[in-house]
Structure formats: structure tokens, C-alpha cells
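J.: My questions will all concern the structure given below.
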Amino acid sequence: MELETGYYRDCLKSYMTIRCPEGAKESDYRFRMASANHIDGILPCSLRMIDDSIYLYYEITARQKLSHMYADRMLDASDLQRILSELASAGKELSAYLLDAADLILDADKVYYDFSENRYYFTFCPGLSETAGAGGNRGLYVFLAERIDAGDREAASAAFQLDAMSEMPEFVFTEKILKELFGDRMQLPEDPPPGEESVPLEEGRDWSSGFYSAGAMEDAFMTPSEPSEKEKEGPGGGEVPAKRTLSVKYLLPAGLLLAAGILAAAGRFLDLPVRTLRLFTAGALAAGAAALLLLVLVLAERIKGIRRGKKDKAPEKEEPEMSLLPPGEFDLWQKEGGNDTGPVQTVFVPGISEKEALRLYGNGSARGRTIELDALPHTVGTSPDFADILIDDRSVSRMHARISEDRSGNPLLTDLNSTNGTWINGIRLQPEESVPVGKGDVIRFGEAEFCCR
């Protein structure tokens, strides 16, 4: 069942608004119970009458939709268990207030995650089960089945079983069903300590660059033999040589050479019998020969590896020089016998128009940062788990905004219920509001400003 949903922000808080089904009465005790009590795991709400219709205002400040969190990533077993466990707990809490868990809106757009509390919140709408009908309130289960990691067989099996079970009339998810799906295999992640930031900043690290893609986070997971970015930076900001570790391949020949030297020195300076002297000499020659042979083999393998790496590495294409010609024209060059004959007459080719690639260039404190708009969608934020464009700025939320494409392939900017707002040309977007982005637009994520060119 489709509910009329909107979003609203006042000077302090953000809200999701839902118009209650026809026939709902303000005097219904369920509305009073839901709005007057803080029910664990349920979005706080308030009741408002607008044009003889009942609207519920759910506070969603600094919370993120489940659909946004897993728009570009898959669910694993622990993610699925966490969501379903908290769903069962929320239903149990509702029963303590004489409310029916069947009135939970099971839609991925109505399930919110609070990063500061590290928990999910669900949306309760009194009377929903009376109007939704059989199978009309199962969008969450469909979403989980679609976003589950197919490689995780246990999680995939549980998600598809749940999707099939939700088609039954009057199906309500409970802790009993949770145990049937996972049994004793429940492994939920531990909650972080209260007040812990999801993306703590490293002390002593230079965050002046502040902006990087998720792929650039690989330096945090380097092997011990690889230097980190901080180790590469010298006291004066210059680059210091990377540390090199000696391989066993080189230590073995060196050890044999050392042994040969010791045997040769012993035979030279010690007063030994002739037989023993001959054995020492033979041993020194054998060790020296073995060391040289191993050294040759190691060097040959090294050279072979270098050649293989050069062969596998794709040659980089040279960027063409910028042309000052008007759009639609280009210089045509001819080669005869390997020699340039120079440019010939400029040729105009009608009907050829390549879509111009737009970028966001940082201004002010964000100067030097660039966001490419040619491989959308992108999620902008500070959380490396849920954002692929990371901006280190205290005014930017963990999941701040999303840049996608409209039907024509043009960039589309959406605010993801950010704390300090997403702005375009000085106008703040409402939560979940989407606007087109074009050349010359000035965009702000909190206090991080960018210009589209």
C-alpha cells in the first residue's frame, strides 16, 4: 500500500510526514499511545490535523534510510540478523503498549538507522494492517531478498525463506521466526562504546587534503612491508625513501659467501694438516660456487619478473593536446611514410556532440578537491563503509548527499537527511529533495563548497 509521504525540516529537526489512511480517527487510542510514549526501536512521532486529515510527523534527524545505506552494497549474514533481530524487538516493545506489530510499515524507505546510537528505528502507523491487505506490507522483505549477498548461502537462504513467508496472510515477524531462520547461529556485531564516533580522525595525521575516494583508503590496509602515507612524508614534508626488506633469496647466497670466506681464511692463517687444509679449500670453493649459482638464479628470476610486469601493464594513452577550435571542429593530420605532412584544412563534422564531463571543484577550505561526475551514482559523506566520496569536514554527515543521474543522464543531487544541509546556489534542500546540477552551480555539503564546471 502506498502512503502519502513527505519530508519537512524546521530550524532544529527533520521529519518524515505520513498521511494516515482514510477513516483514521484522532480519538483512536493507538495514535495517543504512539505519540505520547517513547517506544524503544520506534521512530518518535507527533500527531497533527491538516485539512481534516491526520498526519504523523516522525523525527528522522541525523538518521539514514535503510534503502540509502544498501543502495550500492550487499547485505551479509550479520547485517540481515541485525535488522531482523531489532525488528522482532520493536514488535515486542509495541505489544507492551497494547499496539499491534502488524501496523509497522515494512518498507526499506521507512526503516532508519541512527549512527550515533548504532541501531535501527522502525515506523509505526496505527491502523495500517486494516487497510494494507494481505501481502501489501512486505516491501522490506523483498528489499532484503534483493540486496542479500548471494555468495553467503546461509544468509541468502534465510532472506528468501522470509520473503516467501511474508506472502502469507496476516504474517507478522516475531522472535520465534527469527530463531527458526537462524537457530543458534545468531552472531550479531557488538555495539561500540556510547559516544564513539563512527569515523574517528587519526591523531597527528595531515588531513589538509581532506578529500579522497574510497579506493584511496587502501593505505590503511597496507601490508607491514609497505610504508604508509605518513611514513613516506619526511620531517620537512618531503618524501623519504621507502623502507626495503631483505628477502631470504638474497640472504642465502650471502651466507654461503660468508662461509666460503671463513673457510678460506681458516686455511690461510691456521696451521692445519695438509689433508684438513685441502678439505677447507674444497669447502670454500664449493660454498663460493653455490653462492654464485644461487645469486645468478635469483637475479634471473628478478629480471624475468620485471619484464613480465612491464608486459602485463597496459600502456597509458597520451592525453591529446587541448584544442582551441570551436566545438564540432578538429585538426586533421595526415601521415605519409611515417612523416607528418602538417595540418590540412579543418573539417566540420555535423551531428557529432560528445557530452561534456562535469566536475565539482572545491572552493575555500575545499580548494584542491575534485569530484568527478562521469561515473554516477556517488554517495558523499565521511563514513568509508557507506560513502564512496569521502570529505573530511566536521560539518559533513556520515551519509550526506547522493549524486545520481536523471532519465536524461544529467547529474541529480539529493540530500540524505544531512545534519548541516546540502545547498545549491544558496538554497538549502529539504531532506530527500532532488535537484538537477548544471555548469556554474555552487554546491555546499555543510561548509564544504564546490563549483560545478
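Nothing in this text is a laboratory measurement; each read-out follows from the coordinates by a stated rule. All figures in this text were calculated on a predicted structure; none of them were measured in a lab. As a convention, Cβ positions derive from the backbone with ideal geometry for all residues, glycine included, and neighbour counts pool all protein chains shown.
J.: Show the residues, 5+ positions off or on another chain, whose built amide H is closer than 5 Å to the amide H of Asp107.
T.: Leu140
J.: Continuing with this model, one more query. From a point 7 Å beyond the Cα of Leu98 in the direction of its Cβ, which residues of the range 7-37 have a backbone N at a distance under 20 Å?
T.: Under cut-off, by backbone N: 24-37.
J.: So how far, in whole Å, is the C-alpha centre of the range 362-383 from the one of the range 101-153?
T.: 31 Å
J.: For the range 172-180, take each phi angle, set θ = phi - 60°, evaluate the Karplus expression 6.51 cos²θ - 1.76 cosθ + 1.60, and give the result in whole Hz per residue in order, putting x for glycine and proline.
T.: Ordered by residue, 3J(HN,Hα) equals 10, 6, 9, 5, 5, 5, 4, 5, 5 Hz.
J.: Amide H to amide H, which residues 5 or more places from Thr61 or on other chains are under 5 Å from it, using H placed in the peptide plane?
T.: Result for Thr61 returns Ser14.
J.: Let me ask something else about it. With +1 on the Cβ of every Lys and Arg and -1 on the Cβ of every Asp and Glu, and nothing else charged, how large is the dipole of the range 65-135 about its Cα centre, in debye rounded to the nearest 20? Intermediate values should be presented prior to the final figure.
T.: On the way: 6 positive and 12 negative charges, 18 e Å.
The calculation lands at about 80 debye.
J.: If you take the square roots of the eigenvalues of the alpha-carbon gyration tensor of the range 21-61 and sort them as a ≥ b ≥ c, do you get rounded (a/c under 1.5), prolate (a/b over b/c) or oblate? Write out the running numbers ahead of the final one.
T.: Details: a/c = 2.54, a/b = 1.53, b/c = 1.67.
Oblate shape, in that a/c is at least 1.5 and b/c is the bigger or equal ratio.
J.: Continuing with this model, one more query. Would you pull out the residues with amide H under 5 Å of Asn363's amide H, same chain only if 5 or more places away, H placed 1.01 Å from N?
T.: Glu449, Phe450, Cys451
J.: Follow-up question, since we're still on this one. Classify the range 103-153 as rounded, prolate or oblate from the Cα gyration tensor: take a ≥ b ≥ c as the square roots of its eigenvalues, call it rounded if a/c is under 1.5, otherwise prolate when a/b beats b/c and oblate if not.
T.: Numbers: a/c = 3.85, a/b = 1.24, b/c = 3.10.
It comes out oblate by the Cα gyration axes.
J.: Sticking with this one: Grab the other residues whose beta carbon is less than 15 angstrom from that of Arg428, score K and R as +1, D and E as -1, and report the net. Could the numbers behind the result be given before it?
T.: Working: positive: Arg9, Lys13, Arg444; negative: Asp10, Asp415, Glu432, Glu433, Asp441, Glu447, Glu449.
Value of the local net charge: -4.
J.: Now, a different point. Give me a comma-separated list of calculated 3J(HN,Hα) values for the range 44-49, in order, Karplus coefficients 6.51, -1.76, 1.60 applied at θ = phi - 60°, integers in Hz, x for any Gly or Pro.
T.: x, 9, 9, 9, 9, 9
J.: How large is ³J(HN,Hα) for each residue in the range 418-435, as worked out from phi by the Karplus curve 6.51 cos²θ - 1.76 cosθ + 1.60 (θ = phi - 60°), to whole Hz, x for Gly and Pro?
T.: 6, 5, 9, x, 10, 10, 9, 6, x, 10, 7, 7, 6, x, 6, 6, 10, 9
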